[in-house]
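J.: For reference, the structure I am asking about is given below.
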Amino acid sequence: QYVDGASWMGMDLDALLDRLGLPYGVAVHHAHTMKKFLEATFRGPPVAEGGGAATVHLHVGVERLIEVQAPASFEVNLFVSMTWRDPRITEDCQRASGSKVEWTKPCTIFWEPEYTLPTALLGDDEPVVVEDYGTEYWVGSSLTGGPFGWRTFRLRGKFLTVMDYRRYPYDKQAFSVRFQIAADTGMANLVRFRATARNAITARVEHPVWKVLSVHVSQHGERNFLPGQGYAKEDLRELLDEYSEDEESNPAFVVLSEYTEALNFSLSFVDVTLQTERYCGYYVGNYIVLETLLVLLGWITFFMSPESVDSRLSIALTLVLAIMVFQIVLVENLPETGYLTDLSYFTIANTMLLALVSLENIFVCEAFKRVARKDDVYRATKVHSTKAQSEAAAILIQSWNAPLRHIENLKPSRRSVREVSKKCLGSVREVSGKCPGSVR
């Protein structure tokens with residue numbers, strides 16, 4: 001029936017029954033055996049020299065930082081290139097994106113590495129391949145080191161991040177994208193990513209808010225399935241005893257304690273980190289400069305008359321309200337955090353400063369009133385102290401100092417005090433009797 005190897009490999013169960021006339025049980029066994037053989041021989045990852053894991057060289061170029069959705073995610077456009085060596089490649093060909101396996105076309109059979117993006121958002125924001133250039137296979141030569149595969153595509157997606165706003169608006173952020181070997185395809189411990197470039201950045205990476213300083217690519221050889229570096233059985237027993245009193249009825253204890261080595265496989269991954277810095281000109285002009293100007297305007301009250309307490313307080317309190325408006329706008333624009341930013345501290349300090357200016361106006365007004373009352377008394381006293389009769393009265397009062405000091409220093413008896421008092425009172429009567437009524 002002119003059945004060659006290629007057509008035989010591509011036969012499904014119905015073709016084996018109809019064309020070859022095989023019994024149903026034999027056809028099922030044959031299809032299963034051939035599929036298992038082909039998957040193990042061609043579809044699995046290649047075995048490196050010495051029996052080690054296959055190496056996939058990963059090159060990632062950041063084309064554009066599209067958007068930053070603070071404080072949890074960012075969107076970026078990447079150019080991704082993956083190359084690997086595979087001695088099973090027997091001809092030069094190119095596989096289109098999304099092509100199905102056809103056993104009559106070797107290019108659709110050759111192995112291709114699969115990856116996952118653990119930090120990517122899912123659902124409607126799941127990363128998409130914007131432009132797929134397909135996968136090429138080359139037999140190569142001695143210059144290339146033998147057959148190799150090459151896949152290139154452009155990727156756009158949103159990825160999780162944790163942003164630190166303590167230095168806002170002078171903050172620097174690190175946005176990271178992780179490429180990881182897919183664990184559900186049986187490639188764990190069999191494939192390793194290797195970064196081919198430590199820095200990859202293009203001229204179109206500019207962003208109106210963020211300045212991309214550099215792009216750093218780091219590779220990691222292991223990521224344990226179990227947390228940490230693996231648990232000992234004693235540690236697992238102590239951990240699980242907190243949740244279960246009967247260990248024999250707890251399947252988690254049996255699995256984790258008896259099959260730790262089998263579960264503790266590792267996955268290779270590469271982190272692409274964008275080191276960014278915020279453009280602070282917008283915030284300096286709209287927040288810092290204007291708040292500083294409002295505080296300086298509050299100093300105008302220092303040059304106003306202390307008697308104008310109403311005007312001084314109205315200006316100071318109006319400026320406090322204006323600063324509070326800035327605080328409200330800042331709270332609305334910033335995400336909720338468990339700490340204050342530098343700009344928040346600056347705004348709070350300006351608010352407190354203007355509040356102190358308001359209190360200063362009240363204290364100055366009260367002090368001015370007290371000084372004014374003393375000045376009034378001084379001026380009234382000065383008017384009478386310049387008259388001749390006032391000078392004569394002052395001389396007479398000074399003559400009383402001797403007997404008064406005698407009373408203070410010698411602790412006299414009641415009689416001596418009475419005599420001195422009569423003498424002083426007599427002198428006062430004598431003077432007052434001779435003075436006119438107005439002066440008296």
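The values are calculated or read from the model by the stated rules, or taken from the named source; none is laboratory data. Every value quoted in this text rests on a predicted model; they were computed, and no experiment measured them. With ideal geometry, Cβ positions are generated from the backbone for all residues, glycine too; neighbour counts draw on all protein chains shown. For the accessible areas, the whole protein counts, side chains as well, though only heavy atoms, and no ligand, DNA or RNA atoms are used. Shrake-Rupley method; radii C 1.70, N 1.55, O 1.52, S 1.80 Å.
J.: Cut-off 16 Å, label point 7 angstrom out along Cα-to-Cβ of ALA15: give me the residues of segment 97-136 whose amide nitrogen falls inside.
T.: Inside the label zone: 100-109.
J.: Calculate what fraction, in whole %, of the accessible area of segment 281-382 sits on carbon and sulfur atoms when a 1.4 Å probe is rolled over the protein chains.
T.: On the way: 4650 of 6580 Å².
So the carbon and sulfur contribution to the accessible surface is 71 percent.
J.: Let me ask something else about it. Assuming R0 = 35 Å, what is the FRET efficiency of GLU112 and SER7, from their Cβ-Cβ distance, to the nearest 0.05? It would help to have the intermediate numbers written out before the result.
T.: Working: r = 24 Å, r/R0 = 0.68.
About 0.90, to the nearest 0.05.
J.: Using the Cα centre of segment 1-145 as origin and beta-carbon charges of +1 (Lys, Arg) and -1 (Asp, Glu), tell me which of THR135, ALA72, PRO118 is placed farthest towards the positive end of the dipole.
T.: Projecting each Cα onto the dipole axis, the largest value belongs to THR135.
J.: What FRET efficiency do you get for GLU136 and GLN219 if R0 is 30 Å and r is their Cβ-Cβ distance, rounded to the nearest 0.05?
T.: Values: r = 24 Å, r/R0 = 0.79.
The computed FRET efficiency comes out at 0.80.
J.: On a 26 Å Cα-Cα criterion, which of the cross-link pairs LYS100/LYS158; LYS36/LYS105; LYS105/LYS158 come out too long? Show your work: numbers first, answer last.
T.: Working: LYS100/LYS158 28 Å; LYS36/LYS105 18 Å; LYS105/LYS158 36 Å.
Among LYS100/LYS158; LYS36/LYS105; LYS105/LYS158, the Cα-Cα distance tops 26 Å for LYS100/LYS158; LYS105/LYS158.
J.: Given the whole protein assembly as supplied and a 1.4 Å probe, what does the accessible area of LYS211 come to in Å², nearest 10?
T.: Counting only protein heavy atoms, LYS211 exposes about 90 Å² to solvent.
J.: Report the full-extension gain for the segment VAL284 to VAL162: residue separation times 0.36 nm, less the Cα-Cα distance, to one decimal in nm.
T.: Values: separation 122, 0.36 × 122 = 43.92 nm, distance 2.43 nm.
So the extension gain works out to 41.5 nm.
J.: Hey, got the dipole for segment 281-382? About the Cα centre, +1 on K and R Cβ, -1 on D and E Cβ, debye to the nearest 20? Kindly include the intermediate steps, with their values, before the conclusion.
T.: Working: 7 positive and 10 negative charges, 147 e Å.
The dipole of segment 281-382 has a size of about 700 debye.
J.: Next up: Under a point spin-label approximation (7 Å from Cα along Cα-to-Cβ), what is the ALA174-LEU293 distance to one decimal in nm?
T.: 3.9 nm
J.: I'd like the carbon and sulfur percentage of the solvent accessible area for segment 1-43, probe radius 1.4 Å, heavy atoms only, ligands and nucleic acids excluded. Present the calculation step by step, with values, prior to reporting the outcome.
T.: Details: 1960 of 3150 Å².
The C+S portion of the solvent-accessible surface of segment 1-43 is 62 percent.
J.: Assigning unit charges at the beta carbon (Lys, Arg +1; Asp, Glu -1) and nothing else, what dipole magnitude in debye, to the nearest 20, does segment 1-43 show about its Cα centre? Walk me through the numbers on the way to the answer.
T.: Working: 4 positive and 5 negative charges, 35 e Å.
Around 160 debye, computed over segment 1-43.
J.: Can I ask one more? Using a probe radius of 1.4 Å on heavy atoms only, what accessible surface per residue do you get for segment 93-166? Whole Å² is fine.
T.: Values: 4070 Å² over 74 residues.
For segment 93-166, the per-residue accessible area is 55 Å².
J.: Using a 10 Å cut-off on Cβ atoms, rank the peptides 109-118, 303-312 from the highest mean neighbour count down.
T.: Working: 109-118: 17.4, 303-312: 13.8.
Highest mean packing first, the order is 109-118, 303-312.
J.: How far is it, in nm, from the label point at CYS93 to the one at ARG43 when both lie 7 Å from their Cα along the line to the Cβ?
T.: 1.6 nm
J.: Oh, and also: Could you order peptides 170-177, 9-16 by the average number of other Cβ atoms within 10 Å of their residues, highest first? Don't jump to the answer; show the numbers that get you there.
T.: Working: 170-177: 18.2, 9-16: 15.0.
The peptides rank, most packed first, as 170-177, 9-16.
J.: Also: Give me the number: length gained by fully extending LEU321 to LEU353, i.e. 0.36 nm times residue separation minus the C-alpha to C-alpha distance, one decimal in nm.
T.: Details: separation 32, 0.36 × 32 = 11.52 nm, distance 1.26 nm.
Going from the current span to full extension adds 10.3 nm.
J.: Then there's this: Suppose each label sits 7 Å from its Cα in the direction of the beta carbon; what would the ALA72-GLU366 distance come out to in nanometres?
T.: With each label point 7 Å from Cα toward Cβ, the separation is 5.1 nm.
J.: Stretch LYS36-ILE300 to full length: gain in nm at 0.36 nm per residue minus the Cα-Cα span?
T.: Numbers: separation 264, 0.36 × 264 = 95.04 nm, distance 8.75 nm.
Here the segment from LYS36 to ILE300 would lengthen by 86.3 nm.
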